[in-house]
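K.L.:
Have a look at this one.
The values are calculated or read from the model by the stated rules, or taken from the named source; none is laboratory data. Note that this is a predicted model, so its numbers are computed, not measured. Neighbour counts run over all protein chains shown; Cβ positions are idealised from the backbone, glycine included. When the accessible area is computed, the model is the full protein with side chains, heavy atoms only, and any ligands, DNA or RNA have been set aside. Shrake-Rupley method; radii C 1.70, N 1.55, O 1.52, S 1.80 Å.
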There are 2 protein chains.
Amino acid sequence: VERIKNLAILGVGLLGGSIGLAVRSKLSDCRIVGYGHRKETLAKALEIGAIDEAFESPGEAVRGADLVILCTPVGILGKMIAAIEPQLKPDAIVTDVGSTKRSVVAAGGRLKRFVGSHPMAGSEKRGVEFARTDLFDQALCILTPTDTTDTAALAQVEAFWQALGMRVTQLSPDQHDRLLADVSHLPHAIAAALVAMQEDQALPLAGKGFLDATRIAGGDGALWRDILQDNRDSLKAALARLRGELEKLEAMLDPTHAKELADWLDQAAHRREALLQEKLREVTPD
Amino acid sequence: VERIKNLAILGVGLLGGSIGLAVRSKLSDCRIVGYGHRKETLAKALEIGAIDEAFESPGEAVRGADLVILCTPVGILGKMIAAIEPQLKPDAIVTDVGSTKRSVVAAGGRLKRFVGSHPMAGSEKRGVEFARTDLFDQALCILTPTDTTDTAALAQVEAFWQALGMRVTQLSPDQHDRLLADVSHLPHAIAAALVAMQEDQALPLAGKGFLDATRIAGGDGALWRDILQDNRDSLKAALARLRGELEKLEAMLDPTHAKELADWLDQAAHRREALLQEKLREVTPD
């Protein structure tokens, strides 16, 4: 794969800023330009060294770029693709960091060399001030190629995320959105609902368990609104399956089902523990 | 309030063992005896200094005790109260650490001086090997007196938990069980359901957010079975309210409700953040 010499990051928040810092630290001789719609964000990104040059228009930012990474909220990725298309170099590769993939991959179909990416890193924090060079270290990046994806561009994007320290896997956009609804979008929605349903007098009794269980509800509302609405069919299917599980639970609350309920709870505990151990192994490979 | 000279801890696991260690460190001249149904647990409790003497029968353990603390699982608290009743000193005070309060307070009604307690400390870990002297520091203890509770015993139990570093509040057994269903038992049930509903191929895609959201599902199945079944009417009411909240969410997934969904998510994020800040203030008072 070829070396990226000119990188354009559109949207220099937590993810975009961290990409800039990681590229600076891990790829030599790569010029990094950034677009942002707020001047203060661009100034901060320049200050911490996440970008070399700042642009207030996406079209200007992508001129001359070998690789363009869309880091704007999911809800405007389609618009962003339309806006940059006329300004791209003919062989420019475009990818994104969106948490949903069907809609952006469909929008990217109008470009010659688009590859959908979902680097699974970040936090409930938002903004370039939380950007970190090591945000992507050991984390998983899901690529979502289709039948029409340029294979050289796919290899290039894969090598890029690997150079930033990520493990890379591939799923179809459909599979991605369905599975992420289950393990990410549904838990987020549930965490918000668990907070929203509380009476004022109940919250002072909440302990560390409640705070942990609802930590993911701390994210930015508009960002998550985009994700949940964009993936609403998968999220509704996940909600339906959760409801089914809760109906099973409700039936097991009758004391005649004592053993079944204990087994169900133990199975969940063991399954989570196995997942935790697997994650720890990934982070500290032999 | 009088000084406790003889303390009996029935059930020397994480909570019982930590009470022993905390009493040893914070109350002078208090003799601590412990009951456990497993010899190895008793030996370990003796070894770490959580108890001075071990008994394999609850009746023998409570003889001579000024204060008896029931630390056995919620499901057998009623049986334990019946077993110790004939052996108690006439003025002995009995309390417990159960996560549900209506059933144990009803069972304690047969004793002269029973006070329901719920020290909100612990973790998903289980066993005396995880006992800690500081487990109760700054944590909240809910006392659940009724019209018939001995007021001197109530004051004594309150002073005891305060001596261990706890903040103490009071609720009726009904209020306790209703509010704890909302902030503790429901989140636990939901965490288990979120794990249980996952397909095998989805779990490898789960990130830190999923692990945090489901941490409380890591507890012991039989212990939590007791709690969820004992408090099943409150839990069902909490589940019904969560379902209502999820129906609201589902309606807001339609793009025509973009602002409402973002507001709902932001409100949950702000409410959780306010709770977190309140908790941090409690732990580090001025």
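K.L.:
Any idea how many residues of the stretch A:107-134 are without any contact (Cβ under 8 Å) to a residue 60 or more places away in the chain and out of contact with any Ser or Thr (no Cβ under 9 Å at 6 or more places or on another chain)?
P.N.:
4
K.L.:
Moving on to the next point. Determine whether the stretch B:273-284 contains at least one residue that is buried (at least 21 other Cβ atoms within 10 Å of the Cβ), at the interface with chain A (Cβ under 8 Å from one of its Cβ atoms) and assigned to a helix (DSSP H, G or I).
P.N.:
Within the stretch B:273-284, not a single residue is buried (at least 21 other Cβ atoms within 10 Å of the Cβ), at the interface with chain A (Cβ under 8 Å from one of its Cβ atoms) and assigned to a helix (DSSP H, G or I).
K.L.:
Could you list, in sequence order, all residues of the stretch A:223-235 that are within 7 Å of chain B (Cβ to nearest Cβ) and among the aliphatic types (A, V, I, L, M)?
P.N.:
A:LEU228, A:LEU235, listed by residue number.
K.L.:
Right, something else. Would you point out which residue out of A:ALA8, A:ALA22, A:ALA54, A:ALA43 is farther than 20 Å from A:LEU77 by Cβ, open to solvent by less than 20 Å² (accessible area, probe 1.4 Å) and not acidic (Asp, Glu)?
P.N.:
Sole residue among the options that is farther than 20 Å from A:LEU77 by Cβ, open to solvent by less than 20 Å² (accessible area, probe 1.4 Å) and not acidic (Asp, Glu): A:ALA22.
K.L.:
While we're looking at this one, here's another question. Looking at A:GLU60 and the list (1) touching a residue at least 60 places away in the same chain (Cβ under 8 Å); (2) within 25 Å of A:LEU111 (Cα to Cα), which single condition is not satisfied?
P.N.:
It is condition (1) that A:GLU60 fails.
K.L.:
Right, next: Identify, by number, the condition in (1) over 20 Å from A:LEU203 (Cβ atoms); (2) touching a residue at least 40 places away in the same chain (Cβ under 8 Å); (3) open to solvent by 50 Å² or more (accessible area, probe 1.4 Å) that B:ARG225 doesn't meet.
P.N.:
Unmet condition: (3).
K.L.:
Name the residues in the stretch B:203-237 that are aromatic (Phe, Trp, Tyr) and either more than 30 Å from A:ASP137 (Cα to Cα) or assigned to a loop (DSSP other than H, G, I, E, B) (or both), would you?
P.N.:
Correct list: B:TRP224 only.
K.L.:
Tell me which residues, restricted to the stretch B:27-47, are in contact with a helix residue (DSSP H, G or I) (Cβ under 7 Å, 6 or more places away or on another chain) and at pLDDT 95 or above.
P.N.:
B:CYS30, B:ILE32, B:VAL33, B:GLY34, B:TYR35, B:GLY36, B:THR41, B:LYS44, B:ALA45, listed by residue number.
K.L.:
Sticking with this structure for a sec: Across the stretch B:238-257, what is the number of residues that are at the interface with another protein chain (Cβ under 7 Å from one of its Cβ atoms) and assigned to a loop (DSSP other than H, G, I, E, B)? Spell out how you get there, then give the answer.
P.N.:
Step one: list which residues in the stretch B:238-257 are at the interface with another protein chain (Cβ under 7 Å from one of its Cβ atoms), which gives B:239, B:241-242, B:245-246, B:249-250, B:253, B:255.
Then drop every residue that is not assigned to a loop (DSSP other than H, G, I, E, B), which leaves B:253.
Result for the stretch B:238-257: 1.
K.L.:
Now, a different point. Can you tell me how many residues within the stretch A:235-286 are of a type in the set (Asp, Glu) and touching a residue at least 12 places away in the same chain (Cβ under 8 Å)? Spell out how you get there, then give the answer.
P.N.:
The first filter runs over the stretch A:235-286 and keeps only residues of a type in the set (Asp, Glu), leaving A:245, A:247, A:250, A:254, A:260, A:263, A:266, A:273, A:278, A:282, A:286.
Now drop any that are not touching a residue at least 12 places away in the same chain (Cβ under 8 Å), which leaves A:282.
The number of residues fulfilling the criteria is 1.
K.L.:
If A:VAL157 passes every condition in (1) in a helix (DSSP H, G or I); (2) hydrophobic (A, V, I, L, M, F, W, C); (3) at the interface with chain B (Cβ under 9 Å from one of its Cβ atoms); (4) in contact (Cβ under 8 Å) with a residue 12 or more places away in the chain but one, which one does it miss?
P.N.:
Checking A:VAL157 against (1) in a helix (DSSP H, G or I); (2) hydrophobic (A, V, I, L, M, F, W, C); (3) at the interface with chain B (Cβ under 9 Å from one of its Cβ atoms); (4) in contact (Cβ under 8 Å) with a residue 12 or more places away in the chain, the one that fails is (3).
K.L.:
Being charged (D, E, K, R) and within 8 Å of another protein chain (Cβ to nearest Cβ) is the filter here, so list the residues in the stretch A:258-272 that pass it. Reasoning before the result, please.
P.N.:
Taking the stretch A:258-272 first, the residues charged (D, E, K, R) are A:259-260, A:263, A:266, A:271-272.
Passing the criteria: A:ASP263, A:ASP266, A:ARG271, A:ARG272.
K.L.:
Quick check on my filter: what residues within the stretch B:138-155 are out of contact with any Ser or Thr (no Cβ under 9 Å at 6 or more places or on another chain) and at pLDDT 95 or above?
P.N.:
Result: B:ASP147, B:THR148, B:THR149, B:ASP150, B:THR151, B:ALA152, B:LEU154, B:ALA155.
K.L.:
Right, something else. Which of the numbered conditions does A:LEU211 fail, given that it passes all the others? Conditions: (1) facing chain B (nearest Cβ under 7 Å); (2) buried (at least 24 other Cβ atoms within 10 Å of the Cβ); (3) closer than 27 Å to B:ARG225 by Cβ.
P.N.:
(2)
K.L.:
Please verify whether the stretch B:240-255 includes one or more residues that are open to solvent by less than 10 Å² (accessible area, probe 1.4 Å), modelled with pLDDT of 95 or more and within 30 Å of B:GLY75 (Cα to Cα).
P.N.:
Kept after step one, since they are open to solvent by less than 10 Å² (accessible area, probe 1.4 Å), are these residues of the stretch B:240-255: B:242, B:246, B:249, B:253.
Subsequent filtering for residues that are modelled with pLDDT of 95 or more retains B:242, B:246, B:249, B:253.
Pick out the ones that are also within 30 Å of B:GLY75 (Cα to Cα) and you get B:242.
The answer is yes; a qualifying residue exists.
K.L.:
A further question follows. Any idea how many residues of the stretch A:175-202 are open to solvent by 10 Å² or more (accessible area, probe 1.4 Å), within 7 Å of chain B (Cβ to nearest Cβ), more than 14 Å from B:LEU186 (Cα to Cα) and part of a helix (DSSP H, G or I)?
P.N.:
Selection size over the stretch A:175-202: 1.
K.L.:
Looking at the structure I just gave you, is A:PHE136 within 14 Å of chain B (Cβ to nearest Cβ), of a type in the set (Phe, Trp, Tyr) and surrounded by 14 or more Cβ atoms within 10 Å (Cβ to Cβ)?
P.N.:
For A:PHE136, the condition - within 14 Å of chain B (Cβ to nearest Cβ), of a type in the set (Phe, Trp, Tyr) and surrounded by 14 or more Cβ atoms within 10 Å (Cβ to Cβ) - is met.
K.L.:
Okay, next question. Among what's in the stretch B:112-131 and is of a type in the set (D, E, K, R) and at pLDDT 95 or above, pick the residue that is surrounded by the most Cβ atoms within 10 Å (Cβ to Cβ). Full working, then the answer.
P.N.:
We begin by selecting, within the stretch B:112-131, every residue of a type in the set (D, E, K, R); these are B:112-113, B:124-126, B:129.
Filter once more, so that each one left must be at pLDDT 95 or above: B:112-113.
On the way: B:LYS112: 14, B:ARG113: 22.
Looking at the filtered set, the residue picked out is B:ARG113.
K.L.:
When you check B:ASP220 against the structure, is it among the charged types (D, E, K, R), more than 7 Å from chain A (Cβ to nearest Cβ) and crowded, with 24+ Cβ neighbours inside 10 Å, yes or no?
P.N.:
So B:ASP220 does not fit the description; no.
K.L.:
Something else now. Return yes when A:VAL33 is part of a strand (DSSP E or B), open to solvent by less than 30 Å² (accessible area, probe 1.4 Å), of a type outside the set (Gly, Ala, Ser) and more than 25 Å from A:ILE227 (Cβ to Cβ) and no when it is not. Before the answer, list the steps.
P.N.:
Values: part of a strand (DSSP E or B): yes; open to solvent by less than 30 Å² (accessible area, probe 1.4 Å): yes; of a type outside the set (Gly, Ala, Ser): yes; more than 25 Å from A:ILE227 (Cβ to Cβ): yes.
The answer is yes for A:VAL33.
K.L.:
OK, next. Could you tell me whether A:ASP233 is closer than 21 Å to B:HIS257 by Cβ, at pLDDT 95 or above and surrounded by fewer than 16 Cβ atoms within 10 Å (Cβ to Cβ)?
P.N.:
Here the answer is yes, as A:ASP233 does meet what is asked.
K.L.:
Has the stretch A:90-111 got any residue that is surrounded by fewer than 16 Cβ atoms within 10 Å (Cβ to Cβ) and more than 29 Å from A:ASP174 (Cβ to Cβ)?
P.N.:
The answer is yes; a qualifying residue exists.
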